[in-house]
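These notes are about the structure you will find just below.
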Amino acid sequence: MATKRDYYEVLEVERTATVEVIKKSYRKLAAKYHPDRNPGDEEAIVRFKEAAEAFDVLSNPDKRSRYDRFGHDAVSGAAGAGQQFHDVQDIMDAFGDLFGDLFGGSGGGRRRGGGGTRARRGDSLRTSLTIDLADAAVGCVRDLQITRHVACETCEGSGAKPGTSPVTCDYCGGRGQVVQSQGFFRMQTTCPACRGAGSVIREKCGDCRGAGQVEREFTLEVKVPGGVDTGMQLCLRGEGDPGFQGGPAGDLYVDIHVKPHRFFQRDGKNLVCEIPITFSQAALGTEVEIPLLSGRHTVSITAGTQPGEVIRMRGMGLPDVHGGSRGDLLAQIHVEVPKKMTRKQEELLREFAELEDRHVGPRRKGFFEQVKEFFTGADEEPS
């Protein structure tokens, strides 16, 4: 067993110190080593308990006299009528009045009575809104139907039957919190009897059944900014359920969903569309009119444009929802190959192919025939 330190040394006072000096020193050490200010520090808990034991002896004239003459044995255990501190709560109960508000109101021992109820923020709500891409591009205003709570008119939000009132919770004494001790540790939790309200309802209101609130349907006007995208969320402050006992209302969160578009795909704030053109248009160049989210636009296709080539039109995409630069419109070229041609079209195309000196069938040897001749050497020229 470790040897106890001298009580005067523990409290950092002289042996001739007055009670007022001892009390002042103890308050200083208690503030320094209090567990609430040193979470998880076992050494601080030991020091806190040690200081309390020393103060218990030196602040009592009889105990101090015996301690000065015979030491620790004279004031320890039942023989010395010394105070036994098993945990922090025992110390707070013994010397709580000395601390006052030193520890944020927790030092006054077990406070009783008092209290009234605690204000609590209302619950936040969540809903969704589906809009078109065209609306997402410019922003829009939509009416949103929601169901939320309001204060019960019958009991005026108290939850109690008209003519009655909530009463102070007996379990927590109106504090709304209870303290549980485990060894040297103290844990503060919400009172299970009143759920933190500090009061309980003996006779409940018949309309809200004691909840103090009832559900009602509302229509809200929601302003959707331009540039929103699927997965984004709007927050309407204070449009959730009302608070309790004067607490602030919760918020309403609106999940945005943008419907797919017939012609455009979205890539962030850029719009992507596919422009189908013919082989002759790609080769010779042309002008193509394409649709926009609002209106139309003419795109110039230069001669020799290749399949898959992208034409970028600056600033014709979507706005940045955060206020940055506007996106672009990306037109991707798709060259369509005709599945059916007239006789004249085929003749002209074959003539073009001949001019290119390209192998086309059926007037040229088939692919597999050419491969066979390659491996047999039949198509090799004589040396």
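Percent relative contact order of region 265-336, based on C-alpha pairs within less than 8 angstrom and at least six residues apart?
Relative contact order here is 40 percent.
Name the GluC sites (Glu not before Pro) in region 9-41 that are in a loop by DSSP and that have at most 11 other C-beta atoms within 10 Å, would you?
E14
Express the Stokes-Einstein translational diffusion coefficient of region 265-336 in µm² s⁻¹, to the nearest whole number, given a Kirkwood radius over alpha-carbon pairs, 37 °C and a viscosity of 0.692 mPa s.
258 µm²/s
At 0.36 nm per residue, minus the direct Cα-Cα distance, what do F352 and D62 gain on full extension? Give it in nm, one decimal, please.
Working it through step by step, the gained length comes to 92.1 nm.
If the cut-off is a Cα-Cα distance under 25 Å, which lysines reach K204, setting aside same-chain residues fewer than 8 apart in sequence?
Once the sequence-local lysines are set aside, what remains near K204 is K161.
Give the lysines reachable from K28 as a straight Cα distance under 20 Å; neighbours fewer than 8 places away on the same chain don't count.
Candidates past the 8-residue exclusion: K49.
Which length gain, in nm to one decimal place, applies between F263 and E203 when the Cα-Cα distance is subtracted from 0.36 nm times their residue separation?
My answer for the length gained is 15.3 nm.
Please list, in chain and number order, the residues 5+ apart from V299 or on another chain whose amide H is under 5 Å from its amide H, with Hs placed from the backbone.
Excluding prolines and chain starts, which carry no amide H, the hits are V288, E289, I290.
Quick one: if the Förster radius is 25 Å, what FRET efficiency do K340 and H297 give, using the C-beta to C-beta distance and rounding to 0.05?
0.20
Bear in mind these aren't lab numbers, they're just calculated from the coordinates by the rules spelled out. From a predicted model like this one, the values you see are computed outputs, not experimental measurements. Methodologically, a virtual Cβ is constructed for each residue, glycine included, from the backbone with ideal geometry; neighbour enumeration extends over all protein chains shown.
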